[in-house]
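Engineer: Once you've had a glance at the structure underneath, I'll fire off some questions.
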Amino acid sequence: MDKKETIRTQIWREEAEPDNPFAAAACFCHGYDVFGDVVGKATWIEYLFLLFKGERPSRSQAKTLEDLAVSLANPGPRDNSVHAAMSGGVGGSNNAACLMAALAVGAGQLGGGREVALSMQMWTKCSTDIPSWESSIRHSPYEERADVWPPMEHTPGFNPHSASCPTPLRLLLNHLADQSPGPSLCWLRDNREHIETIAGAPLAITGISAATFHDLGFTPAEGEMLFLLLRLPGAAAHALEQRSIGFRNFPFFHNSIHLENDPEVDQLNL
């Protein structure tokens with residue numbers, strides 16, 4: 001008796017075309033007909049929330065996630081992940097390689113996705129209890145997989161290389177706190193300076209992202225994945241720009257690059 005092959009997922013279901021069992025006549029994401037009920041009626045952010053959480057977001061959930069997504073879309077050329085994509089672009093790497101470079105560099109514990117996950121773990125443990133935050137900050141948890149992630153050298157969600165919380169981050173925190181469906185962002189806005197004193201460092205975008213994802217009900221793993229995903233547009237745009245303008249106009253270290261055998265110069269001298 002032939003065994004019917006089954007793709008096991010609670011996220012996605014397809015109904016086959018009558019004349020082709022390998023082509024879908026209808027696609028359902030968590031029960032919603034994607035091309036019948038979702039396309040044209042839902043935003044990208046609403047669909048993203050549905051994919052991860054299995055339900056449509058409330059208006060405040062969708063607006064909060066959308067505003068965070070806008071703030072994360074382009075970390076700027078000084079961000080390590082964007083800089084990595086720019087280096088790939090100006091060096092002639094293909095598009096996929098540029099994005100993979102951004103993901104790899106932006107995945108770590110200093111301003112990266114892993115830091116967001118660790119910060120969310122602190123939110124899960126401490127919630128809005130200041131004594132719990134004091135204890136967690138002063139007694140950081142030990143990382144079991146030291147072969148993958150080394151011990152943290154600063155409090156997750158805070159920037160050890162910044163003198164104060166930058167104005168854009170304070171504006172973002174105030175904005176998100178005004179509309180968040182959860183208590184974390186409001187509490188963080190009201191207690192930011194006190195928590196910064198305990199951490200010995202100002203709040204970072206990873207900390208704001210972690211609080212936002214926590215308020216929206218995402219797990220640390222989901223928050224880490226979303227943080228990586230939502231920062232890719234800026235990396236892509238900057239990589240394409242650098243590829244078009246060439247290494248001589250690269251905004252970093254271009255005055256220190258001297259080729260002894262420059263193919264471009266050699267071609268002009270022919």
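Engineer: When only residues in the range 94-109 that are assigned to a loop (DSSP other than H, G, I, E, B) and under 13 Å from the mean Cα position of the chain (by Cα) count, which is surrounded by the most Cβ atoms within 10 Å (Cβ to Cβ)?
Structural biologist: Here the answer is GLY106.
Engineer: Which of the following residues is surrounded by 12 or more Cβ atoms within 10 Å (Cβ to Cβ) and of a type in the set (Lys, Arg): ARG8, ARG56?
Structural biologist: Among ARG8, ARG56, only ARG56 is surrounded by 12 or more Cβ atoms within 10 Å (Cβ to Cβ) and of a type in the set (Lys, Arg).
Engineer: Considering each residue of the range 236-270, count those that are assigned to a helix (DSSP H, G or I) and either at pLDDT below 80 or among the basic types (Lys, Arg) (or both), and give that number.
Structural biologist: 13
Engineer: From THR206, THR167, THR212, grab the single residue that is closer than 21 Å to SER71 by Cβ, of a type in the set (Val, Ile, Thr) and surrounded by fewer than 21 Cβ atoms within 10 Å (Cβ to Cβ). So that I can check it myself, show each step before the final result.
Structural biologist: Numbers: THR206 fails: surrounded by fewer than 21 Cβ atoms within 10 Å (Cβ to Cβ); THR212 fails: surrounded by fewer than 21 Cβ atoms within 10 Å (Cβ to Cβ).
It is THR167.
Engineer: A further question follows. May I ask you to verify whether GLY108 is at pLDDT below 95 and farther than 24 Å from ALA221 by Cβ?
Structural biologist: So GLY108 fails the test.
Engineer: On to the next question. Being more than 17 Å from LEU72 (Cβ to Cβ) and either surrounded by fewer than 22 Cβ atoms within 10 Å (Cβ to Cβ) or modelled with pLDDT of 95 or more (or both): is that true of GLY217 here? Reasoning before the result, please.
Structural biologist: Numbers: more than 17 Å from LEU72 (Cβ to Cβ): yes; either surrounded by fewer than 22 Cβ atoms within 10 Å (Cβ to Cβ) or modelled with pLDDT of 95 or more (or both): yes.
Yes: the conditions hold for GLY217.
Engineer: For the range 167-233, which fully contained helices (runs of 4 or more DSSP H) count at least 1 residues that are β-branched (Val, Ile, Thr)? Steps first, please.
Structural biologist: Details: elements: 167-179, 184-199, 205-215, 220-230.
So the answer is 167-179, 184-199, 205-215.
Engineer: Can you find even one residue in the range 140-161 that is in a helix (DSSP H, G or I) and more than 17 Å from GLY217 (Cβ to Cβ)?
Structural biologist: No, that holds for no residue.
Engineer: For the range 60-85, which positions are surrounded by fewer than 16 Cβ atoms within 10 Å (Cβ to Cβ) and closer than 17 Å to ALA177 by Cβ?
Structural biologist: Those that are surrounded by fewer than 16 Cβ atoms within 10 Å (Cβ to Cβ) and closer than 17 Å to ALA177 by Cβ: SER60, VAL70.
Engineer: Checking ILE45 against (1) outside the structural domain of PRO168 (by TED's automatic domain parsing); (2) in contact (Cβ under 8 Å) with a residue 40 or more places away in the chain; (3) under 16 Å from the mean Cα position of the chain (by Cα), which test does it fail?
Structural biologist: Exception for ILE45: condition (2).
Engineer: Residue pairs, Cβ under 9 Å, 6 or more apart or interchain, first in the range 226-248 and touching a residue at least 40 places away in the same chain (Cβ under 8 Å), second of a type in the set (Phe, Trp, Tyr). List them.
Structural biologist: Partner pairs satisfying both residue conditions: LEU226/PHE52; LEU226/PHE213; LEU226/PHE218; PHE227/PHE213; GLN242/PHE250.
The values are calculated or read from the model by the stated rules, or taken from the named source; none is laboratory data. None of the values given here were measured: they were computed from a predicted structure. Virtual Cβ from ideal backbone geometry, glycine too; neighbours counted across all protein chains shown.
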